[in-house]
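A.B. asks: Here's a structure for you.
The values are calculated or read from the model by the stated rules, or taken from the named source; none is laboratory data. Keep in mind that what you see is a predicted model, and the values were worked out from it rather than measured. All Cβ positions, even for glycine, are placed from backbone atoms using ideal geometry, and neighbour counts span all protein chains on display. What goes into the accessible areas is simple: the full protein's heavy atoms, side chains included, and nothing from ligands, DNA or RNA. Shrake-Rupley method; radii C 1.70, N 1.55, O 1.52, S 1.80 Å.
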Amino acid sequence: MRLLSLAAVAVAVCVGSADVRVVGIRNDRPGYWTARASFPQLPADSILRRFANLEIAKDSKGQLDEYAKEQALSGDKPLRETVFELRSQISFEDPHVVSVLQVSMIDGGGAHPNRFLAGRTYGLLKGKFSRLRFRDLLRPGVDPVEVYQRLALPRVNESKFLRNAPSLEKLPPSGIESFVVTPKGITWVFSPYDLGAYAEGEYHAKVSFQELAKDLDPAGPLRLAIERAGIGTETTGVRAP
């Protein structure tokens, strides 16, 4: 069974550069499992891009190797090959941040394949390039959990209402880091089963930069993005460098 196109996850806009290469890798054992991944590689013309390229490639290879290791430890040959697919695309990039959406699928021969969404965001923090957590995007003193619950929960419950699914009182704490930056804001992505029954599908909670205006650090990793959105100096009184 093939993995659905990333285009089906309407949360991100891929960087529209012909210079972005897509690399494919595999880790297969015929008759047992097929594991494959595709991921973007940016032109290596900045330290951030080189760092992001290495992290994206390392993460993709690591997930393939981990799946192969788990299948090898399971012992018996399956009735049919199991399948793992991972595809990544860039949802946002500027000189300070690279954000990546990951969509993976595992078909273990059950009633249906399982689909998983995840986000990875990279940037410069305290003089060091690293993967950024949600708290790293916020002004000092702002509670990331409060912002996550205040802004993402209503979006999820709006979708729950449209699907005739029961609303939530709180989002799971683990979901706070499952986000991507987009040209318009931040989107949290939730896989099937994360927030309800499999039949409910996946959920996306899109929050604009304007809605995050009082919470984002105007001198932080998203300073260019929030400047372009016309917020920062007007809302916080702090001039971004």
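A.B. asks: Which one of ASP76, ASP107, ASP65 is open to solvent by less than 20 Å² (accessible area, probe 1.4 Å) and among the acidic types (Asp, Glu)?
C.D. replies: Values: ASP76 fails: open to solvent by less than 20 Å² (accessible area, probe 1.4 Å); ASP65 fails: open to solvent by less than 20 Å² (accessible area, probe 1.4 Å).
Only one candidate qualifies: ASP107.
A.B. asks: For the condition buried (at least 18 other Cβ atoms within 10 Å of the Cβ), touching a His at 6+ places or on another chain (Cβ under 7 Å) and at pLDDT 95 or above, what is the one hit in VAL189, VAL180, VAL207?
C.D. replies: Being buried (at least 18 other Cβ atoms within 10 Å of the Cβ), touching a His at 6+ places or on another chain (Cβ under 7 Å) and at pLDDT 95 or above holds for just one of VAL189, VAL180, VAL207, which is VAL189.
A.B. asks: Looking only at the stretch 127-149, how many residues end up being without any contact (Cβ under 8 Å) to a residue 12 or more places away in the chain, within 17 Å of the chain's Cα centre (by Cα) and not in a helix (DSSP H, G or I)?
C.D. replies: Residues flagged as without any contact (Cβ under 8 Å) to a residue 12 or more places away in the chain, within 17 Å of the chain's Cα centre (by Cα) and not in a helix (DSSP H, G or I) within the stretch 127-149 amount to 1.
A.B. asks: Tally time: how many residues in the stretch 91-103 are closer than 14 Å to ALA118 by Cβ and either open to solvent by 10 Å² or more (accessible area, probe 1.4 Å) or not hydroxyl-bearing (Ser, Thr, Tyr) (or both)?
C.D. replies: Here the count works out to 4.
A.B. asks: For the stretch 45-62, give me each residue that is in a helix (DSSP H, G or I) and open to solvent by 50 Å² or more (accessible area, probe 1.4 Å).
C.D. replies: ILE47, ARG50, LEU54, LYS58, LYS61, listed by residue number.
A.B. asks: Right, something else. Would you point out which residue out of ALA205, ALA213 is of a type outside the set (S, T, N, Q) and within 15 Å of PRO154 (Cα to Cα)?
C.D. replies: Answer to the selection: ALA205.
A.B. asks: Of everything in the stretch 90-112, what is under 30 Å from ASP76 (Cα atoms), touching a residue at least 60 places away in the same chain (Cβ under 8 Å) and within 19 Å of the chain's Cα centre (by Cα)? Give them in sequence order.
C.D. replies: Those that are under 30 Å from ASP76 (Cα atoms), touching a residue at least 60 places away in the same chain (Cβ under 8 Å) and within 19 Å of the chain's Cα centre (by Cα): VAL103, SER104, MET105.
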